[in-house]
1. Could you look through region 268-282, keep only residues that are among the charged types (D, E, K, R) and surrounded by 11 or more Cβ atoms within 10 Å (Cβ to Cβ), and pick out the one that is nearest to S142 (Cα to Cα)?
2. Quick check on my filter: what residues within region 3-28 are touching a helix residue (DSSP H, G or I) at 6+ places or on another chain (Cβ under 7 Å) and either open to solvent by 40 Å² or more (accessible area, probe 1.4 Å) or among the β-branched types (V, I, T) (or both)?
3. Determine which member of the set V141, V186, V162, V176 is within 10 Å of the ligand (Cβ to nearest atom) and either small (G, A, S) or closer than 23 Å to G19 by Cα (or both).
4. Which pairs turn up if I take residues in region 58-81 that are acidic (D, E) and look for partners that are surrounded by fewer than 23 Cβ atoms within 10 Å (Cβ to Cβ) with beta carbon separation below 8 Å, at least 6 apart in sequence or on another chain?
5. Specify the residue that is farthest from the chain's Cα centre (by Cα); the eligible residues are those in region 9-29 that are of a type in the set (S, T, N, Q) and not in a strand (DSSP E or B).
6. Would you list the helices (runs of 4 or more DSSP H) that sit entirely within region 214-267 and hold 1 or more residues that are away from the ligand (no atom under 11 Å from the Cβ), among the hydrophobic types (A, V, I, L, M, F, W, C) and surrounded by fewer than 18 Cβ atoms within 10 Å (Cβ to Cβ)?
7. Find all pairs meeting these conditions: Cβ atoms under 6 angstrom apart; at least six residues apart or on different chains; first residue within region 95-116 and on the phi < 0 side of the Ramachandran plot and in contact (Cβ under 8 Å) with a residue 60 or more places away in the chain; second residue among the charged types (D, E, K, R) and more than 14 Å from the ligand (Cβ to nearest atom).
8. G58 - would you say it is closer than 30 Å to R125 by Cβ, open to solvent by less than 40 Å² (accessible area, probe 1.4 Å) and within 14 Å of the chain's Cα centre (by Cα)?
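The values are calculated or read from the model by the stated rules, or taken from the named source; none is laboratory data. Keep in mind that this is a model prediction, so the values were computed, not measured. Cβ coordinates were reconstructed from backbone atoms using ideal geometry, including for glycine residues, and neighbour counts include every protein chain displayed. Side chains are part of the model used for accessible areas, which takes the heavy atoms of the whole protein and leaves out ligands, DNA and RNA. Shrake-Rupley method; radii C 1.70, N 1.55, O 1.52, S 1.80 Å.
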Amino acid sequence: MSSIPDIRLNDGRTIPQLGFGVFQIAPRDTVRAVSEAFEAGYRHIDTAQMYGNEREVGEAVRASGLGRDGVFVTSKLSNASHRPDDARRAFDATLTALGFDAIDLFLIHWPLPTLYDGDFVSTWRVLEEFQRDGRARSIGVSNFQPAHLEWLAAETDTVPAVNQVEVHPYFPNDAVRAYGQEHGIVTEAWAPLAQGKVMADPAIAAIAARLGRSPSQVALRWHVQRSDVVFPKTSSPARMRENLDLFEFELGPDDMAALASLDQGPAGRIGPHPDSFDWVPD
Ligand SMILES: NC(=O)c1ccc[n+]([C@@H]2O[C@H](COP(=O)([O-])OP(=O)(O)OC[C@H]3O[C@@H](n4cnc5c(N)ncnc54)[C@H](OP(=O)(O)O)[C@@H]3O)[C@@H](O)[C@H]2O)c1
């Protein structure tokens, strides 16, 4: 098995560059899927309060025998819990569900600038509390645009360790990534396979055929060479292994350029725009 590089965060900790995402894995399937991911060699799991499967992630960690420090787990604050007291309660519930004393990384899932009077700064201050009291080893954000990050920088003392945003060949999100690079914020690329769309791309298929790799491996290798953190989701153990096997080949400059040329601009975005997204679970 090829070994997964660690990426250093601005708080001195490290995160495995490749992980396993559990969005849209039903709770009843999560223990099995995460156990199979550990079996394949993943040691980094990306979940969220809104995915509804934190308890099952914790159960799979305990069943794995890897030990609490043998795995890196991220979760994210629900859109329903941005008010400081709600965020504190929700975070307690996350640790209880996972069965952990501390989580490796905790994120604000969406900035929700049109809700909560546009105030995600007081929410961020609560995440700073979790880091100070040691229950969140690292803290970060997700779906933050540069303007949102600028506001945090103006009002608070802690630069987010990561910003988890939509990134794939059709939507490389380079302005947000560049802001992160300038300010020491690691970019995590969500939907790294464009939720499966890259598999049908003729340009990616041609590179894959030439290199004797799969389209998924070519797309994921592109992310790795751009130094982003990725956590593709799959329910298939064979695909878990395929998506992990990225560290014994390289894309040359022409291949990197061919993938960059697939950029569709704003039309390439699959998910909602962070400036207007305002969905809150019941
Ligand atoms: N912060 C946020 O707002 C946010 C939003 C979305 C996602 N995320 C995170 O990012 C993770 C990944 O994103 P995602 O799940 O949306 O999409 P993704 O990883 O880009 O794509 C997942 C899709 O690709 C398919 N797939 C995976 N590997 C494959 C392979 N080797 N060959 C063929 N098909 C393959 C999967 O199908 P099968 O399952 O059938 O194999 C699934 O349909 C999530 O699980 C979550 O942790 C975060």
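1. Ranking the candidates gives D275 first.
2. V22, F23, I25, P27
3. Residue meeting the stated conditions: V141.
4. Correct list of pairs: E59/V31; E59/G99.
5. N10
6. Filter on region 214-267 gives 253-260.
7. Going by the 6 Å Cβ cut-off, the qualifying pairs are D104/R137.
8. no
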